[in-house]
Structure formats: C-alpha cells, structure tokens
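Novice: There's a structure below that I have some questions on.
We did not get these values from a lab; they are worked out from the coordinates using the rules stated. The structure presented is a predicted model; accordingly, all values stated were derived computationally and were not measured. In this analysis, Cβ positions are derived from the backbone assuming ideal geometry, glycine residues included, and neighbour counts consider all displayed protein chains.
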Amino acid sequence: MAVDTSQFRNGLKIELDGSPFVITYFQHVKPGKGGAFVRTKIKNLLTGKNVDRTFRAGEKFQEADVEQRQMQYLYLDGENLVFMDSENYEQLPIPADVVADARKFLKENTEVDILFWRGNPINIDLPSFVEVEITQCDPGLRGDTASGATKPATVETGAVIQVPLFIKEGERVRVDTRTGEYSERVN
C-alpha cells in the first residue's frame, strides 16, 4: 500500500531504496518561502543504522512488507538457531548472523519477537530483561569496597557482564538486554 508524507507517524515502516525502514521521528515543515517538506529520522531495519532524511511534501512511498511474529527459542542446530512459532508450532531455523548480538542473552524457551521482511527473518527483539545464572566469577576481594566497584562474571548463556562485588557463582541476576548491564539480584 502506498503512503505519502502526510500519513507519516512514528513506527510507520516504509520501503526506501530497496530496504525496509522505520520512522523514529518526523516533523512537517512549512517555510515562509518555498514548498513544504518533511524532516525525518529513519532506522534501516536490515543494518540498524539511523539516517536523517528530508522529503518533499506529498512524496509517496510503499509500506514495507514486514510482519512481526512471537516465537520461542528452542535450541542451537549447527550454525542455525531453531525457533518455534507460538501460534502454529512450526519450527524455523534462523542463521546465527541474523540473530547477531541477541544471541548473548538468548536462553532456551525464551519468547522473542522476530521481524520478517518479504518472508525472511531480519531482526530479533529480546525481552527488555532476562534472568540468568552466574556460572563463573571471581570472589570479591576484602577491602575492595569502593562504591560502585564491579567485577566480570560469566552467565549461563556465555556472555560476560559486570556485576557488583557481592555477587557469587550460582546466583541469579536480572540483565538489561538492550545495554548488557547488570540490573539486580534475583532471589
């Protein structure tokens, strides 16, 4: 379906130069002299790069053929990660390069949102926070009590995060998947 600049809104997904983009910011501008235009910030859904673009008022674009489906991560099969559609239980192998950095905090049975463009998976959105177990970390040294002191710890998914000195092996912590930072200890 075609949309023009008067229908722009945050979150609208359009196709531009053969790639899907999502509008993250837009502003209609009507200068005193000359024609109106729309100033936008758009994010490429394939590369994740943000771009500033300006379009003439009334310019038309195709809506991107994207679909978001909730799926559950099942297991690693060689170079592919296997996900199951939560509605029809169909299993789908997705190459590791599509999963990219999301793999650091991906545990079995985790529910994720997968974005498809033209039927192919292009992006995976993890939940904002995940609970993981600390599998390896050094003990905090006595006397290392400066405020905000941290130490590296390896979690069950293999990712290394910075945690406070009082965290020990075997404890469960909540991690912010957007930043990869420790959030809190979980009982």
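Novice: Can you sort R103, R172, R118 from fewest to most other Cβ atoms within 10 Å of each residue's own Cβ?
Specialist: With the fewest neighbours first, R103, R172, R118 line up as R118, R172, R103.
Novice: Relative contact order for the stretch 51-123: what is it in percent, counting Cα pairs under 8 Å that are at least 6 residues apart?
Specialist: RCO, the stretch 51-123: 34 percent.
Novice: Continuing with the same structure: Given the C-alpha centroids of the stretch 18-76 and the stretch 118-187, what is the distance between them in whole angstrom?
Specialist: Spelled out, the Cα-based centre of one part sits 33 Å from the other.
Novice: Count the lysine pairs in the chain whose Cα atoms sit under 16 Å apart, keeping only pairs 8 or more residues apart in sequence or on different chains.
Specialist: Summing the qualifying lysine pairs gives 6.
Novice: Also, I was wondering about something else. Within a 10 angstrom radius of the beta carbon, how do E63, E108 rank from fewest other beta carbons to most?
Specialist: The fewest-first ordering by Cβ neighbours comes to E108, E63.
Novice: Separate question: For the stretch 129-186, just run the numbers: alpha carbon Rg, then divide by 2.2 N^0.38 Å, N being how many residues it has.
Specialist: Scaled against compact globular proteins, the figure is 1.04.
Novice: What does the C-alpha gyration tensor say about the overall shape of the stretch 1-61? Classify as rounded when a/c is under 1.5, otherwise prolate if a/b is larger than b/c, or oblate.
Specialist: Cα axes put the stretch 1-61 in the prolate bin.
Novice: Would you mind calculating the relative contact order of the chain from Cα pairs under 8 angstrom and at least 6 residues apart, reporting the percent as a whole number?
Specialist: Rounded, it is 14 percent for the chain.
Novice: Classify the stretch 81-125: rounded, prolate or oblate, from the alpha-carbon gyration tensor (a ≥ b ≥ c, eigenvalue square roots; a/c under 1.5 rounded; otherwise prolate if a/b is larger than b/c)?
Specialist: oblate
Novice: Tell me, what ³J(HN,Hα) does each residue in the stretch 21-38 have, in order and in whole Hz, if you take phi through Karplus 6.51 cos²θ - 1.76 cosθ + 1.60 with θ = phi - 60° and put x for Gly and Pro?
Specialist: Rounded to whole hertz, the list is 10, 10, 7, 9, 7, 8, 8, 7, 10, 10, x, x, 10, x, x, 6, 8, 10.
Novice: Could you give the spread of the C-alpha atoms of the stretch 1-129 along their three principal axes, from largest to smallest, in whole angstroms?
Specialist: 60, 27, 23
Novice: Continuing with the same structure: With a sphere of radius 12 Å drawn around the Cβ of V99, what net charge do the other residues whose Cβ falls strictly inside it have (Lys, Arg +1; Asp, Glu -1)?
Specialist: Counting the neighbours of V99, the net charge comes to -2.
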